[in-house]
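**Student:** Structure in structure tokens, see below.
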Amino acid sequence: MAIGRSEVRERPVANTGVRMTSTSPHRELIRVGVVGLSASGGLAATAHVPALAGLDGYELRALSTSSAESARAAGEKYAVPLAFASAEELARSEEVDLVVVTVKVPHHLELIRPALEAGKMVFSEWPLGADLAQAEELADLAHRRGVLTAVGLQARSAPPLRYLRDLVAEGYVGRVLSTSMLGSGWIGGATYDDNYAYVLDATSGATLLSIPFGHSVDALTMVLGEFREVSALVENLRPEVTNVTSGAVAAKSAEDQIAVTGVLESGAVAAMHFRGGTSRATAFHWEINGTEGDLVVKADRAQWWYGGTQLYGARGEEGALTELPVPARYQRSLTQWTGRSAEPACSVAHEYALLRDQIIGSLAPDEDGVPDFRHAVRRHAMLERVREAARAGRKVTLAEQGA
């Protein structure tokens, strides 16, 4: 239920530079405005709205779309009190504390900038920008304004991945010798539909490298540490693709095959291969091999970072892999998602929970928060180095750019 102005009192939140509202001295409320929440669906509707719905500490207070008419329709469908015809209007609203941007990547810069200039906290879906320069511009602006930022690299908040990281750190596999990851990209296949025509363009920022590979390599580095050097192949083997509805053939400049090998800072050898489209054989498979054991992460869909992963392991004298259930302590008390880990909103809900605890200052001393815009810049920089390695046909050292 929407909270009227007369029922709230303002309260400062530590380290955010904004003011919050609270309905009682014991509970802070973070008022959310979503840019790109459409009545016709999309990521905001399928993941962000359900994630926020059952989460304490948040109120979905506002939305914006590209027109007054579509904003009214979305407001009515999702029962959102404030509906704006532009991101600028939403950013200026005094009833919004956190601006969430879920639109197509090519529009991120123009829609995130007003929120930062208004001094609002911002949660942007990944990728942050269409390229490294845009990501740097947004991160620099956020730094100058002194606002808290978050980027939607959801695997970092997902319970199975946090458990996996701890297993590795605690020595489950001993010293990590190698890791290998195989994934299907969802985008980059032989066909496309009108909603995703923009991903055919390599300059859109929404490519096999930036999205499926970007999410996946970020998860790998979260668990095992950053790359020290990489070699890469980035290829476009399907320069023409077919529209699933009209049958029209369109040119595609974006890549559909990525193969990256390298050495991690730990000295472990890493290999990653992502294929455009889908595979009848493997959607996602990730192995970590060490001196004392093995760990495997599997998923039956390409967008595995949204949930639905299974974790397996074996060590010592154990002869076969067994499933490793995720302990309850990794669930952050989100009991409403028990048994629903395959839903796209599940990992998004865990990121929102982590972000909430970061905003109100209740993170445990040894717990890291959500990735911010500076982290996004580092990941964008790494992807640029992968492209450079592919163009040059040689090994590239990532430390040269701090990636």
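**Student:** How many Å³ per residue does the convex hull of the Cα positions in segment 40-122 occupy?
**Tutor:** 90 Å³
**Student:** What's the longest uninterrupted piece of the chain once you rule out the trypsin sites (Lys or Arg not before Pro) that are loop residues per DSSP with at most 10 other Cβ within 10 Å?
**Tutor:** 1-279
**Student:** Let me ask another. Can you pull the semi-axes for segment 159-313, root of five times each eigenvalue of the Cα gyration tensor, sorted largest first, whole Å?
**Tutor:** 32, 16, 11
**Student:** Once both axes come from the Cα atoms, what is the angle between helix 214-224 and the longest principal axis of the chain, in degrees from 0 to 90, rounded to 10?
**Tutor:** Its long axis makes an angle of about 70 degrees.
**Student:** Mind listing P(r) for segment 350-400? All alpha-carbon pairs, 10 Å bins, whole percents.
**Tutor:** 23, 31, 21, 19, 5
**Student:** A further question follows. Sticking with the crude label model, points 7 Å out along Cα→Cβ, report the distance from Ala320 to His273 in nm, one decimal please.
**Tutor:** 2.7 nm
**Student:** Let me ask another. Give a quick list of GluC sites (Glu not before Pro) in segment 66-102 that DSSP marks as loop, anything other than H, G, I, E or B, with at most 12 other Cβ atoms within 10 Å.
**Tutor:** Glu94
**Student:** Still on this structure, I have one more. When the gyration tensor of segment 20-171 is built from Cα positions, what are the square roots of 5 times its three eigenvalues, in whole Å, from largest to smallest?
**Tutor:** Computed over segment 20-171, the values are 25, 20, 17 Å.
**Student:** Whole percent per 10 Å bin, from 0 to the bin with the longest distance: what is P(r) over all C-alpha pairs of segment 265-398?
**Tutor:** 9, 26, 37, 24, 4
**Student:** How large are Rg and Dmax for segment 85-203 when calculated on the C-alpha trace, in angstrom?
**Tutor:** Cα-based Rg and Dmax for segment 85-203 come out at 18.4, 55 Å.
**Student:** If contacts are Cα pairs under 8 angstrom and at least 6 residues apart, what is the relative contact order of the chain in percent?
**Tutor:** It rounds to 17 percent for the chain.
**Student:** So, in nm, how far is label Ala250 from label Ala342 when the simple model puts each one 7 Å beyond its Cα toward the Cβ?
**Tutor:** Distance between the two pseudo-spin positions: 3.0 nm.
**Student:** Calculated from DSSP H runs of 4 or more alone, at -39500 (n - 2.57) each and per residue, what is the 222 nm mean residue ellipticity of the chain, nearest 500?
**Tutor:** Only helices count here, giving -8000 deg cm²/dmol.
**Student:** Now a separate question. Give the residue list of GluC sites (Glu not before Pro) in segment 168-268 that are DSSP loop and have at most 10 other beta-carbon atoms within 10 angstrom.
**Tutor:** For GluC sites (Glu not before Pro) across segment 168-268 that sit outside H, G, I, E and B with at most 10 neighbouring Cβ atoms in 10 Å, the list reads Glu170.
**Student:** Over segment 124-207, what is the relative contact order in whole percent, taking alpha-carbon pairs under 8 Å and six or more residues apart?
**Tutor:** For segment 124-207, the relative contact order is 32 percent.
**Student:** If I fit a long axis through the Cα atoms of helix 132-145 and take the longest principal axis of the Cα atoms of the chain, what angle between them do I get, 0 to 90°, rounded to 10?
**Tutor:** For helix 132-145, the angle is close to 40 degrees.
**Student:** Based on Cβ point charges of +1 for Lys and Arg and -1 for Asp and Glu, what charge dipole magnitude is obtained for the chain about its Cα centre, in debye rounded to the nearest 20?
**Tutor:** 220 debye
**Student:** Which of Val100, Phe274, Leu220 sits farthest toward the positive end of the charge dipole of the chain, with +1 on the Cβ of Lys and Arg and -1 on the Cβ of Asp and Glu?
**Tutor:** Working it through, the farthest residue towards the positive pole turns out to be Val100.
**Student:** Roughly what % antiparallel, to the nearest 5, for the DSSP beta bridges in the chain?
**Tutor:** 60 percent
**Student:** Roughly how big is segment 42-154's charge dipole about its Cα centre, with Cβ charges of +1 (Lys, Arg) and -1 (Asp, Glu), in debye to the nearest 20?
**Tutor:** In debye, rounded to 20, segment 42-154 gives about 120.
**Student:** Helix 373-392 against the longest principal axis of the chain: what's the angle in degrees, Cα atoms only, rounded to the nearest 10?
**Tutor:** Once rounded, one gets 30 degrees.
**Student:** Follow-up. In Å, what Kirkwood hydrodynamic radius results for the chain from the alpha-carbon pair distances?
**Tutor:** 22.0 Å
**Student:** Find the relative contact order for segment 257-403 and round it to a whole percent, using C-alpha pairs within less than 8 Å whose residues are 6+ positions apart.
**Tutor:** Computed over segment 257-403, the figure is 12 percent.
None of the figures in this text is laboratory data; all of them are computed from the coordinates on show. Computed from a prediction, not measured in an experiment: that's the story for all the values here. In this analysis, Cβ positions are derived from the backbone assuming ideal geometry, glycine residues included, and neighbour counts consider all displayed protein chains.
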